[in-house]
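Chemist: One structure follows; several queries about it will come next.
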Amino acid sequence: MAKMKGAIVVDLEKCKGCEVCRVACPNDVIAMTNEVNHKGYHYAYQEHQDACVGCANCAVVCPDGVITVYKVKLSD
Amino acid sequence: MDIKDIIKPENLVYQKTSLMTDKPLSYCPGCGHGTAHRILMEVIEEMGIQSETIGVAPVGCSVLAYDFMNVDMVGASHGRAPAVATGIKRCWPEKFVYTYQGDGDLAAIGTAETIHAANRGENITIIFINNGIYGMTGGQMAPTTLPGMKTSTSPYGRDLKSMGNPLKMTELLAQLPGTCYVTRQSVHSPRNVRRAKKAIRAAFESQKENKGLSLVEIVSNCNSGWKMEPVASNEWMVDNMFPFYPLGDIKVDGKLVNNQ
Ligand SMILES: Cc1ncc(C[n+]2csc(CCOP(=O)(O)OP(=O)(O)O)c2C)c(N)n1
Ligand code: SF4
Ligand code: SF4
Ligand code: SF4
Ligand SMILES: [Mg+2]
């Protein structure tokens with residue numbers, strides 16, 4: 001069966017660290033950084049890179065629309 | 001496969017619509033206003049009606065909506081958005097006209113404008129963001145504030161005897177023959193965002209067919225006003241707001257659903 005592999009890109013200067021994306025991810029891909037951006041927010045990043053399936057759940061709930069999602073089909 | 005091989009234009013599956021400007025949103029972290037803005041703009045993009053759409057911004061936290069939504073917009077004074085939208089739509093019936101209003105705007109100071117625009121069956125769409133509070137001005141009680149809910153003007157909780165009952169504007173408006181499509185949605189989870197977007201699409205499609213006023217209420221959080229962290233505010237909303245403001249369609253194609 002074809003497997004999906006995804007990747008997200010967070011606009012880290014516009015991320016407000018709300019964590020709404022983190023709880024919406026079905027695969028626990030997202031974590032928050034220890035460092036802060038210029039606004040002072042701990043921003044979201046893709047911690048478990050291999051677990052992302054590109055479902056875009058994180059991006060559709062991000063209030064600030066700062067997540068971009070990419071996806072490829074892996075055939076085995 | 002390396003992540004760099006995935007992040008390529010041909011593999012793009014989701015990106016912020018260009019109908020949202022690149023200005024950083026003025027909303028608090030985690031506030032549902034931003035999500036509501038974006039799905040509204042996605043619908044307008046998917047319908048291909050950017051140049052034929054005119055929005056009316058309210059007074060409230062979303063007062064700057066015209067900075068974020070990349071369509072023609074007008075700012076109305078507090079509560080008057082449905083009256084302003086009426087004027088625009090009557091002058092320009094072929095345009096798509098919507099208002100975007102908070103609960104203080106729509107259900108308090110603008111009650112008369114809202115009810116009469118709906119009762120006249122103005123062919124406009126109202127996006128109604130109900131967070132049960134006056135967010136912008138510091139979290140005062142709104143007509144929509146839940147029984148017992150603490151706000152800066154009901155610090156011991158809303159007392160129904162002295163402060164009255166919460167107003168379910170959406171159910172009330174659904175009773176009027178001028179409304180065609182009336183629904184209540186939310187934007188706190190991916191599934192709900194997708195459903196809310198479908199509802200906004202249905203509202204604009206009903207406007208396209210001149211069916212009367214369409215209203216999409218979005219029950220939303222105000223984490224600052226509620227004094228909670230964003231994720232906790234969404235959980236509180238599910239546990240407390242949804243039982244009082246149940247999600248789902250209330251009126252479809254001019255007919256009340258589930259004996260409302
Ligand atoms: C005529 C007038 N009265 C009062 C105000 C003060 N005021 C500004 S926003 C607001 C309430 C906004 O609440 P809501 O519509 O629920 O929007 P939210 O900020 O919660 O999204 C009030 C009372 C005003 N700007 N103009
Ligand atoms: S695209 Fe889906 S799997 Fe990947 S981080 Fe976002 S929510 Fe998680
Ligand atoms: S939902 Fe958006 S703004 Fe909030 S933490 Fe995630 S990426 Fe940042
Ligand atoms: S005050 Fe409330 S409604 Fe206003 S931006 Fe902040 S969280 Fe959103
Ligand atoms: Mg409000």
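Chemist: Run the dipole for region A:3-74 about the Cα centre, Lys and Arg Cβ at +1, Asp and Glu Cβ at -1, nothing else charged, and hand back the magnitude in debye, nearest 20.
Modeler: Values: 8 positive and 8 negative charges, 63 e Å.
I would put it at about 300 debye.
Chemist: What's the total accessible area buried between chains A and B, using a 1.4 Å probe, rounded to the nearest 100 Å²? Mind showing how you got there, number by number?
Modeler: On the way: alone 5030 and 12060 Å², together 14560 Å².
When A and B are taken together, about 2500 Å² of accessible area is lost.
Chemist: Determine the share of chain B's accessible area contributed by carbon and sulfur atoms, expressed in whole percent, with a 1.4 angstrom probe.
Modeler: Answer for chain B is 53 percent, counting heavy atoms of protein chains only.
Chemist: Can you send over the solvent-accessible area of B:HIS188, 1.4 Å probe, protein chains only, in Å² to the nearest 10?
Modeler: The accessible area comes out at roughly 40 Å².
Chemist: While we're here: Leaving out ligands, DNA and RNA but keeping every protein chain, what accessible area does B:ARG201 have, in Å² rounded to the nearest 10, with a 1.4 Å probe?
Modeler: Near enough 80 Å² of accessible area.
Chemist: May I pose another question? Going by Cβ distance under 4.7 Å, what cysteines of chain A have no possible disulfide partner?
Modeler: A:CYS15, A:CYS18, A:CYS25, A:CYS52, A:CYS55, A:CYS62
Chemist: Which distance in Å, rounded to a whole number, links the C-alpha centroids of region A:1-75 and region B:188-240?
Modeler: After rounding, the separation between the Cα centres reads 22 Å.
Chemist: On to the next question. For region B:67-76, just list the computed ³J(HN,Hα) in residue order, Karplus coefficients 6.51, -1.76 and 1.60, θ = phi - 60°, integers in Hz, with x standing in for Gly and Pro.
Modeler: 7, 9, 8, 8, 9, 5, 9, 10, x, 9
Chemist: In debye to the nearest 20, how big a dipole does chain B give about its Cα centre with +1 on each Lys and Arg Cβ and -1 on each Asp and Glu Cβ?
Modeler: Charge dipole, chain B, about its Cα centre: 440 debye, nearest 20.
Chemist: Okay, moving on. Can you give the longest run of chain B that contains no GluC sites (Glu not before Pro) sitting in a DSSP loop with at most 13 other Cβ atoms inside 10 Å?
Modeler: B:95-208
Chemist: Quick one: ranking B:LYS89, A:LYS3 by accessible area, 1.4 Å probe, largest first, what do you get?
Modeler: These residues rank, largest area first, as A:LYS3, B:LYS89.
Chemist: Compare the Cα positions of B:MET149, B:ILE3, B:SER233 along the charge dipole of the protein assembly as shown (+1 at Cβ of Lys, Arg; -1 at Cβ of Asp, Glu; about the Cα centre) and return the one farthest towards the positive end.
Modeler: With unit charges placed on the Cβ atoms, the residue in question is B:MET149.
Chemist: Carbon-plus-sulfur fraction of the accessible area of region A:3-74, 1.4 Å probe, in percent?
Modeler: Working: 1630 of 3270 Å².
The nonpolar share, carbon plus sulfur, comes to 50 percent.
Chemist: Also, quick follow-up: If you average 1/r over every pair of different alpha-carbon atoms in chain B and take one over that average, what Kirkwood value in Å do you get? Mind dumping the intermediate values first?
Modeler: Working: mean 1/r = 0.0540 Å⁻¹.
For chain B, the Kirkwood estimate is 18.5 Å.
Chemist: Still on this structure: Could you work out which residue, out of B:THR125, B:THR17, B:THR144, moves most in a Gaussian network model of chain B, that is, has the largest mean-square fluctuation with Cα springs under 10 Å?
Modeler: B:THR17
Chemist: Something else now. Need the list of lysines near B:LYS8 for cross-linking: C-alpha distance under 19 angstrom, and skip anything on the same chain fewer than eight residues off.
Modeler: A:LYS3, A:LYS5, A:LYS71, A:LYS73, B:LYS16
Chemist: While we're on this one: Please calculate how many Å² of accessible area chain A carries per residue, with a 1.4 Å probe and no DNA, RNA or ligand atoms counted.
Modeler: Result: 50 Å² of accessible area for each residue.
Chemist: Rolling a 1.4 angstrom probe over the protein chains, ignoring ligands and nucleic acids, what is the accessible area of B:TRP92 in square angstrom, nearest 10?
Modeler: For B:TRP92, the solvent-accessible surface is approximately 120 Å².
Chemist: Tell me the per residue accessible area of region B:7-109 using a 1.4 Å probe; a whole number in Å² is fine.
Modeler: Numbers: 3870 Å² over 103 residues.
That works out to 38 Å² for each residue.
Chemist: Taking amide H atoms as placed 1.01 Å from N in the peptide plane, list the residues 5 or more away in sequence, or in a different chain, whose amide H sits under 5 Å from that of B:GLY75.
Modeler: Close amide H contacts, sequence-distant or interchain: B:ALA57.
The values are calculated or read from the model by the stated rules, or taken from the named source; none is laboratory data. Remember, it's a predicted structure, so these values are computed and weren't measured experimentally. Here the Cβ is made from the backbone with ideal geometry for all residues, glycine too, and neighbour counts use every protein chain on show. To get the accessible areas, we keep the full protein, side chains included, count just its heavy atoms, and leave off ligands, DNA and RNA. Shrake-Rupley method; radii C 1.70, N 1.55, O 1.52, S 1.80 Å.
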